[in-house]
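Scroll down for the structure; my scribbles are underneath it.
The values are calculated or read from the model by the stated rules, or taken from the named source; none is laboratory data. Since the structure is predicted, the reported quantities are computational estimates derived from the model, not experimental observations. Reconstructed Cβ throughout: ideal geometry from the backbone, glycine too, with neighbour counts over all protein chains shown. Note: accessible area is taken over every heavy atom of the protein model, side chains too, but ligands, DNA and RNA are not part of it. Shrake-Rupley method; radii C 1.70, N 1.55, O 1.52, S 1.80 Å.
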Amino acid sequence: MSAPVTPPVRLFRQFSARENGWSDHYGAFHVAADYAGCALPERYAIHGIWQHGSFRPSDCGKPSLLVCGAPDAEKRVVWVARRDEEACLLAAGYSKARAIGLPMLYTRPTGLARIPRSLLVMPGHSLVGWKVGDRSAYRRYAGEIAAQAGDFDRVVVCISPSCRKNGLWVDEFTARGFEIVYGAQTDDLNALMRIRALCEQFETVTTNSWGSHVAYALAFGARVSIGGTFPSIDAANLMVDMTWRTNPALLAQATSDEAMRQERELLRSFYVPPREAVADRKLGEWLLGTEQKISPAEMRELLVGMVDPVLPEPVSAARTSENAEGSRLLFVISDTQRSNGNLDLLNLLRWLRRERAVAFDVLIGTPGGALQEEFAKIATLFLPGNLIPSPEWSSVYRLACVVPSAASTLAAAGFVELPPLWLLATEGVASLEQVAARDLAWLQRHTVRYYCCNEEVAEALGKRYGVPKERIATLPMGVDRRRIALCATQSDVAQLRASFEIPDTSFVVVATGLLDYRHGADLLPLILRSLRAKLGAERDVVFFWSGAVGSAEFDQVLAQDVRILGLGQHCRFLGEFAQESILLALADLICVPGRDVAITPTLREAQALGKPLVAFAQSGPVADLCAVGAGDLAPYLDIEAMACCMAERLLRGERVVTKGPAVLELQAGAEAMVQDFKQMPPLAYDRKERRALREVYESWRLADKAPQGGYVRAYLQRQKERVRASQLAVAGRKPEAMKLLIVAAQGALALKDPYAITEALLEIAHDLGRLDGRQGEAVLAEAQKFCRARGLNLEHIRKTLDL
């Protein structure tokens with residue numbers, strides 16, 4: 001059964017902020033420009049607010065809610081959906097308020113047919129950063145849907161991308177066999193069209209809470225039901241939303257008993273099981289403000305006043321006049337999570353954007369990471385589905401610069417023949433070995449230049465992976481002091497301190513990294529308790545941890561420890577915090593409680609800011625850094641000693657390190673890379689040099705413990721068996737040859753790696769097809785079925801194998 005028809009994700013650079021009420025969410029102004037028959041400038045500023053979601057009539061008594069708490073909104077142009085909302089704002093002093101309908105009204109009709117007896121499940125969504133311990137309510141609602149699914153022939157669950165990032169709903173519904181699609185993410189140009197397409201294809205939409213999706217479903221003719229378990233929301237999760245965080249009283253009003261009563265009254269006819277769902281297109285259109293929809297000509301006129309072009313940042317004198325031969329760089333990353341490699345690449349791109357006229361784009365495999373917005377500020381972002389290779393690319397993209405784990409992203413985008421690649425290996429040897437063998441081998445068939453973060457990685461590329469020395473350059477990634485100075489100003493620090501409500505008398509201690517045992521997060525409550533005792537009653541401390549959660553189970557244990565020790569107000573876990581530079585500038589010192597910690601980009605920034613580090617002795621490279629003047633060392637895992645070191649430094653007022661090793665500057669390495677690029681002749685890469693995968697693997701000298709070693713050995717063994725089968729067939733022993741091939745495929749199945757299994761099935765189908773066409777087709781059909789079930793692109797995998 002084919003998936004519902006939805007447009008692909010098209011990421012765009014958002015120019016949205018609290019000042020305009022996040023009006024740029026979901027590509028709203030791009031939708032308006034398309035409707036008006038015009039185009040937005042490449043960079044723009046929004047001088048007003050456009051309501052981006054549907055509000056209940058009861059919300060009209062809360063003007064701050066209608067503008068999402070945007071500051072100085074009374075002075076701005078405000079577009080809302082309905083006349084009652086316009087009247088509310090005008091009465092409250094918002095003199096430029098006007099009802100023009102929601103952005104959704106300006107999307108194009110899809111013309112898609114309804115799926116007979118179909119149900120779309122749209123559970124209430126979370127916000128990125130929510131932490132949920134007890135998942136029983138989520139399982140209960142999924143079970144309730146499963147119990148009612150028999151009333152329909154087709155049931156699909158639409159989950160918010162923010163819920164996917166938080167790990168909510170996906171497992172609960174997948175475990176019960178439901179088909180999953182993903183809804184609207186804020187930086188997707190097609191977000192509104194995706195929701196419209198879903199609402200126009202399904203006969204019935206059910207949900208467990210009020211939201212804009214209810215209004216959209218009704219307006220586009222679907223029948224709606226509301227009911228089932230709705231998980232309770234922790235107050236701390238609600239504070240993730242800046243509208244509530246800056247105005248808790250407004251949250252109290254919006255969730256009051258009276259507000260809930262009015263909501264139930266508005267929706268009372270829809271509180272029925274899905275099989276009894278109710279259609280009310282008139283109500284949906286009223287909620288969206290359909291009667292207030294303006295003409296294309298009027299929209300064009302309004303956009304002129306609301307959106308202004310913004311010129312690019314001034315080009316410094318150091319920039320070159322134009323990029324070599326007008327070509328562009330394509331940087332490819334597998335995701336935008338806050339990894340060390342992505343941080344290094346982000347800093348490099350920021351420097352290139354500011355200091356050099358080098359044109360570049362970024363292709364990402366999986367959207368939605370913590371750094372996605374930061375990448376979008378400096379580059380156009382593409383997904384594999386919306387960046388299609390063509391024969392002209394070798395002249396457009398003269399080369400591509402890739403981090404090791406991104407080869408699958410290139411393959412998914414359809415790249416088989418590539419311009420010469422540069423491989424930017426910014427993380428250590430361990431990270432290099434974690435990369436899938438097929439990715440690294442695929443890259444080695446195209447790469448002409450390798451840039452390594454240190455000599456250890458360079459040596460590993462040569463000795464373990466057989467890369468010629470002349471193709472390797474060591475360009476350590478450093479710190480861009482200028483960017484730090486621009487980001488971490490005193491006003492930014494003061495604003496962040498105020499937003500976290502940190503008392504003036506409290507010290508701030510910051511730790512960063514993955515929230516797990518190796519980084520010492522389990523020791524944090526004990527360190528903090530001891531530190532508070534040593535500081536005394538007059539001075540207190542607030543401890544921030546910035547970094548992703550290693551596991552939900554560990555997160556729950558840690559939260560329980562913090563609660564039991566009474567440290568809830570003093571210990572805050574921020575997740576993947578976007579403003580980490582400002583957080584580091586806010587810190588009085590940096591605590592590194594881990595067992596073996598590398599010198600990460602974050603710690604390099606802390607060092608550049610002069611922030612003292614406190615770490616355990618024998619804790620790896622960061623301990624070596626402290627030993628030569630960057631901070632203090634405590635005996636290994638001696639919690640009391642670490643707390644004592646921290647307290648002494650804080651009470652002495654030593655909050656800036658004036659000695660220690662020099663900070664490595666980013667500019668030197670980046671300059672060398674740019675010069676290398678300019679001097680690289682276009683035909684430096686001879687495609688005839690490209691070796692077969694088998695030849696690449698045979699040149700490797702992997703240790704037995706290498707994660708990819710087993711895959712490589714299995715691949716090489718299978719090639720030997722394929723050669724032997726070919727020899728048997730030539731000798732007239734066809735049955736033996738076919739049996740050997742089947743045994744070879746079964747051996748690969750034991751790897752439990754979907755790519756390895758697909759590769760084996762394709763190779764066996766190819767070889768069997770030469771011996772018995774029918775059997776070859778049967779194995780190929782199994783490979784196609786296997787790939788469809790796992791969302792793999794069989795043709796891309798086939799091309800990487802040269803079959």
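Which pairs in the list 734/799; 131/611; 720/799; 165/293 are over 23 Å apart, alpha-carbon to alpha-carbon? Those over the limit are 734/799; 131/611; 165/293. Taking the square roots of 5 times each eigenvalue of the Cα gyration tensor of segment 1-144, largest first, gives ellipsoid semi-axes of 30, 22, 17 Å.
Per-residue surface analysis assigns residue 636 an accessible area of about 100 Å², computed on protein heavy atoms at 1.4 Å probe radius.
A straight chain from residue 648 to residue 739 at 0.36 nm per residue would run longer than the Cα-Cα distance by 25.4 nm. Using a simple spin-label model with pseudo-atoms 7 Å out from Cα toward Cβ, residue 492 and residue 775 lie 6.5 nm apart. Solvent-accessible surface of protein heavy atoms, probed at 1.4 angstrom with all chains present, puts 202, 230 in the order 230, 202, largest first.
Taking only the C-alpha atoms of segment 79-183, Rg followed by Dmax gives 18.9, 53 Å. Computed about the Cα centre, the dipole magnitude for the chain is approximately 1480 debye when only Lys and Arg (+1) and Asp and Glu (-1) carry charge, each at its Cβ. Restricted to Cα atoms, segment 701-789 shows a radius of gyration and a Dmax of 13.6, 41 angstrom.
Extension gain for the segment residue 373 to residue 64, taken as residue separation times 0.36 nm less the Cα-Cα distance, is 108.7 nm to one decimal. In the list (1) 63, 30, 23; (2) 42, 29, 27; (3) 43, 38, 28, the label attached to semi-axes √(5λ) of the Cα gyration tensor in Å as derived from the coordinates here is (3). Per residue, the solvent-accessible area of segment 178-229 (1.4 Å probe, heavy atoms of protein chains only, all protein chains present) comes to 20 Å². Comparing 630, 221, 97 along the charge dipole axis of the chain, the residue lying farthest to the positive side is 221, per the Cβ-charge model. In the full protein context, segment 124-173 carries 40 Å² of accessible surface per residue, based on a 1.4 Å probe and ignoring ligands, DNA and RNA. I need the shape label for segment 504-661. Rule: rounded when a/c is under 1.5, else prolate if a/b > b/c, else oblate, with a, b, c from the alpha carbon gyration tensor. Judged from the Cα gyration tensor, segment 504-661 comes out rounded (a/c under 1.5). Projecting the Cα positions of 507, 474, 581 onto the charge dipole of segment 463-605 (unit charges on Cβ atoms of Lys, Arg, Asp and Glu, taken about the Cα centre) puts 474 furthest along the positive direction.
In the context of the full set of protein chains, residues of segment 695-790 present 56 Å² of accessible surface per residue (probe radius 1.4 Å, heavy atoms only). In segment 52-172, Cα pairs under 8 Å separated by at least six residues give a relative contact order of 21 percent. The modelled label-to-label distance for the pair residue 746/residue 499, using points 7 Å beyond Cα in the direction of Cβ, is 6.0 nm. Using 0.36 nm per residue and subtracting the Cα-Cα separation, the extra length available between residue 692 and residue 526 on full extension is 54.3 nm.
Round to a whole angstrom and tell me the spacing of the C-alpha centers of segment 42-98 and segment 357-383. For segment 42-98 versus segment 357-383, the Cα centre distance is 31 Å. Each label was represented as a point 7 Å from its Cα along the Cα-to-Cβ direction; for residue 252 and residue 474 these points are 6.2 nm apart. Dipole magnitude for segment 25-156: computed about the Cα centre from +1 point charges on Lys and Arg Cβ and -1 point charges on Asp and Glu Cβ, it is near 120 debye. Take every Cα pair under 8 Å whose residues are at least 6 apart in sequence, average their separation, divide by the length of the chain, and the relative contact order is 10 percent. Computed per residue of the chain from DSSP H runs no shorter than four, each worth -39500 (n - 2.57), the mean residue ellipticity at 222 nm is -12000 deg cm²/dmol. Solvent-accessible area of the chain (1.4 angstrom probe, protein heavy atoms only): carbon and sulfur portion equals 52 percent.
Taking the DSSP beta bridges with both ends in the chain, the antiparallel portion is around 5 percent. Scanning the chain for helices, which whole DSSP H stretches are 24 Å or more long along the axis (Cα) and average -1.0 or more by Kyte-Doolittle? Membrane-span-like by this rule: 709-730, 754-771, 773-790.
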